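Structure first, commentary second.
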Amino acid sequence: MFGLGKFGKMAETVKQAKAQQSKMKAIEVFGESRNHLVKIHLNGLQELVNITIDESLLSPDKARDLKSSIMEAYKDAQQKLQKELMKGMNLEEMKKLLGM
């Protein structure tokens, strides 16, 4: 049977998850392409906050370079984000989030 104690525990878990999500959203990283012409801004939830593209990449004949630069900048931002998230996490917090 589903008791009130379990409901309270579930509500607390939801509350903790929302707090963790807010903390992660506040984390910001910036990635950059090797040629420094594309910059990507991600938050801790891996949401794209902003992208800056140098005008020199905005001509049709530079489409391949633009695509490559965006991919490089995004990969750079993801790697920085992973490092940032690992800095702020300890093993006990991870176990709690995973229900261990």
- Expected 222 nm ellipticity per residue - DSSP helices of 4 or more, -39500 (n - 2.57), all of the chain, to 500: -19000 deg cm²/dmol
- Given labels modelled 7 Å from the Cα in the Cβ direction, how far is it in nm from Ile27 to Asn43? 1.4 nm
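Mind putting a number on the dipole of the chain about its Cα centre? Charges go on the C-beta only, +1 for Lys and Arg and -1 for Asp and Glu, and I need it in Debye to the nearest 20.
For the chain, the charge dipole is close to 580 debye.
Rounded to a whole number, what is D in µm²/s for the chain from Stokes-Einstein with the Kirkwood radius over alpha-carbon pairs (10 °C, 1.306 mPa s)?
Values: Rh = 15.9 Å.
It diffuses with D of about 100 µm²/s by this estimate.
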- Message: Can you give me the distance in nm between label points at Asp54 and Ala17, each placed 7 Å from the Cα along the Cα-to-Cβ direction?
- Response: 4.4 nm
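Using the structure shown, list the pairs from Lys39/Lys87; Lys18/Lys80; Lys23/Lys80; Lys9/Lys80 with a Cα-Cα distance above 27 Å, or answer none.
Working: Lys39/Lys87 23 Å; Lys18/Lys80 23 Å; Lys23/Lys80 17 Å; Lys9/Lys80 34 Å.
Beyond 27 Å between Cα atoms: Lys9/Lys80.
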- Task: For helix 63-88, report the angle its Cα long axis makes with the longest principal axis of the Cα atoms of the chain; keep it between 0 and 90° and round to the nearest 10°.
- Result: 30 degrees
- Summing +1 for each Lys or Arg and -1 for each Asp or Glu, what net charge is found among the other residues whose Cβ lies under 15 Å from the Cβ of Leu57? -1
- Hey, got a sec? Which chymotrypsin sites (Phe, Trp or Tyr not before Pro) in segment 1-93 land in a DSSP loop and have at most 10 other Cβ atoms within 10 Å? Phe2
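Read the figures in this text as sums done on the coordinates, not as results from a lab. Note that the structure is a prediction, hence the values are computed from the model and not measured. Every residue, glycine among them, receives a Cβ derived from its backbone with ideal geometry; neighbour counts consider all protein chains shown.
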